[in-house]
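The structure is given below, and queries will be raised subsequently.
The values are calculated or read from the model by the stated rules, or taken from the named source; none is laboratory data. On a predicted model such as this, the values are computed, not experimentally measured, just so you know. For neighbour counting, all protein chains shown are included, and Cβ atoms are generated from backbone atoms with ideal geometry for every residue, glycine included. All accessible areas refer to the heavy atoms of the entire protein, side chains included, with ligands and DNA or RNA removed. Shrake-Rupley method; radii C 1.70, N 1.55, O 1.52, S 1.80 Å.
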Amino acid sequence: MMKNKIRSAVAAAAITIAALGGAAATAPEAAAASCNSWTQNGKTTAAVKLRSNHSTSSTALGVLGKGTRVTSKCLWWDGKSRYQWYQVKVTSGPNAGRTGWMYGAYFWGFA
């Protein structure tokens, strides 16, 4: 029974890796994770800080209010956290024209 659970976990990981374009990071490679091209229009689901990098410790470039329209340029995920980060160009509101990073939990994409 334990072998089946391990096999299921390995299969789920392989499917996730394939869905992310084959980008799998082992512990030493996690710091070297890169941004995967991902273009999609979207908007913020709540107020969120636009950041200079994909980290909450990076400089805040401004605050995007709920419903601010953005276009994602790429998707960054370290393979550990629940949500990924999007590099976005802001297309509405007071920060329109700015490019930065936003936490993926606050991104809602649409066509």
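Does A12 meet the test of being out of contact with any strand residue (DSSP E or B) (no Cβ under 6 Å at 6 or more places or on another chain), at pLDDT 90 or above and open to solvent by less than 60 Å² (accessible area, probe 1.4 Å)?
Working: out of contact with any strand residue (DSSP E or B) (no Cβ under 6 Å at 6 or more places or on another chain): yes; at pLDDT 90 or above: no; open to solvent by less than 60 Å² (accessible area, probe 1.4 Å): yes.
Spelling it out, it is not the case that A12 is out of contact with any strand residue (DSSP E or B) (no Cβ under 6 Å at 6 or more places or on another chain), at pLDDT 90 or above and open to solvent by less than 60 Å² (accessible area, probe 1.4 Å).
Continuing with the same structure: With respect to A33, is the statement that it is modelled with pLDDT of 90 or more, aliphatic (A, V, I, L, M) and under 19 Å from S81 (Cβ atoms) true?
Numbers: modelled with pLDDT of 90 or more: no; aliphatic (A, V, I, L, M): yes; under 19 Å from S81 (Cβ atoms): yes.
No: the conditions fail for A33.
Name, by its number, the condition in (1) surrounded by 14 or more Cβ atoms within 10 Å (Cβ to Cβ); (2) at pLDDT below 75; (3) polar (S, T, N, Q) that does not hold for N4.
The one condition N4 does not meet is (1).
V90 passes all but one of (1) open to solvent by less than 40 Å² (accessible area, probe 1.4 Å); (2) more than 13 Å from K49 (Cα to Cα); (3) free of Cβ contacts under 8 Å to residues at least 60 places away in the same chain; which number fails?
Among (1) open to solvent by less than 40 Å² (accessible area, probe 1.4 Å); (2) more than 13 Å from K49 (Cα to Cα); (3) free of Cβ contacts under 8 Å to residues at least 60 places away in the same chain, the lone unmet condition for V90 is (2).
Separate question: How many residues are part of a loop (DSSP other than H, G, I, E, B), more than 13 Å from the chain's Cα centre (by Cα), free of Cβ contacts under 8 Å to residues at least 40 places away in the same chain and surrounded by fewer than 20 Cβ atoms within 10 Å (Cβ to Cβ) when one looks only at segment 49-87? Break it down into steps so the answer makes sense when it comes.
Start the filter on segment 49-87 by keeping residues that are part of a loop (DSSP other than H, G, I, E, B), which leaves 52-59, 65-68, 77-84.
With the extra rule that they be more than 13 Å from the chain's Cα centre (by Cα), the set shrinks to 52, 57-59, 65-68.
Checking which are free of Cβ contacts under 8 Å to residues at least 40 places away in the same chain leaves us with 57, 59, 65-68.
In the following step, the residues that additionally are surrounded by fewer than 20 Cβ atoms within 10 Å (Cβ to Cβ) were identified as 57, 59, 65-67.
Going through segment 49-87 one residue at a time, the tally reaches 5.
If you don't mind, another one. Can you tell me how many residues within segment 83-111 are more than 18 Å from A46 (Cα to Cα) and touching a helix residue (DSSP H, G or I) at 6+ places or on another chain (Cβ under 8 Å)?
Residues in segment 83-111 being more than 18 Å from A46 (Cα to Cα) and touching a helix residue (DSSP H, G or I) at 6+ places or on another chain (Cβ under 8 Å): 0 in total.
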